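I have placed the structure first, in the form of structure tokens, so that the comments after it can refer back to it.
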Amino acid sequence: MQAQIQALLVGGARRGNGKGKEESREVGRGRGIEVAKPQIFDNTSSKVTGFIMACKLYIRMKMREEPVKGQVQWILSYVQGGTADMWKENIMEELEAGELEYETVKNFLISLKKEFSREEEELVKAVELRKLEQGGKTMEEFVQKFKKAARGSGYEGRPLIEEFKRGMNREIRKKLMESENPLGSIE
């Protein structure tokens, strides 16, 4: 505890020596503040949003003065593993060849999110499809809504047909099951 008090006293004495304004400006730019670096991003779609937020925060606090290219390369250094490595290599080659340039880090982060959040979008679409029910809609309205929800959901073939039947009103589903021609597609 005495060491902590001594450190505070020494720090206080330094502020009184005319350098205080300079030190406070440095802290204002984030240099004197500890900021966590992002965890390695390995193409786990559920982690892409957290990774992007951690990168944004670190760049705002510690790398604001760096050029966009340096910020992008710093972010790429945290992209590692599997298909994420392949994507990173492609981006690096395009950057080095001058074939690709980002005006802002925000633009780069948007492309990163688009690249790696596909699985998450598919999951959201699948949940939307599972929740869809005919209710008071006509069969034609239900078919159109179902087709829209099915696009990008990952459902195909028999599982898609089963989801379609599950969402139908009970009476229609019963008649369909009793018919001679089983449902082969939703077309």
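Here Val143 does not qualify as β-branched (Val, Ile, Thr), within 30 Å of Val35 (Cβ to Cβ), surrounded by 13 or more Cβ atoms within 10 Å (Cβ to Cβ) and modelled with pLDDT of 90 or more.
There is at least one residue in the range 75-85 that is at pLDDT 90 or above, more than 26 Å from Met61 (Cα to Cα) and loosely packed, with under 15 Cβ neighbours inside 10 Å. Is it the case that some residue within the range 70-77 is under 25 Å from Ser153 (Cα atoms) and either touching an Asp or Glu at 6+ places or on another chain (Cβ under 7 Å) or assigned to a helix (DSSP H, G or I) (or both)? No, every residue in the range 70-77 fails to be under 25 Å from Ser153 (Cα atoms) and either touching an Asp or Glu at 6+ places or on another chain (Cβ under 7 Å) or assigned to a helix (DSSP H, G or I) (or both). The residues of the range 45-72 that are in contact with a helix residue (DSSP H, G or I) (Cβ under 8 Å, 6 or more places away or on another chain), crowded, with 16+ Cβ neighbours inside 10 Å and free of Cβ contacts under 8 Å to residues at least 24 places away in the same chain amount to a single one, Met63. Of the residues making up the range 129-164, those that are in a helix (DSSP H, G or I) and without any contact (Cβ under 8 Å) to a residue 12 or more places away in the chain are Lys131, Glu140, Glu141, Gln144, Lys148, Gly157, Arg158, Pro159, Glu162. Taking first residues from the range 74-102 that are farther than 16 Å from Ser45 by Cα and partners that are crowded, with 17+ Cβ neighbours inside 10 Å and among the aromatic types (Phe, Trp, Tyr), the Cβ contacts under 6 Å between residues at least 6 apart in sequence or on separate chains come to Tyr102/Phe108.
The values are calculated or read from the model by the stated rules, or taken from the named source; none is laboratory data. Note that the structure is a prediction, hence the values are computed from the model and not measured. So basically every Cβ, Gly included, is an ideal-geometry build from the backbone, and we count neighbours across all protein chains shown.
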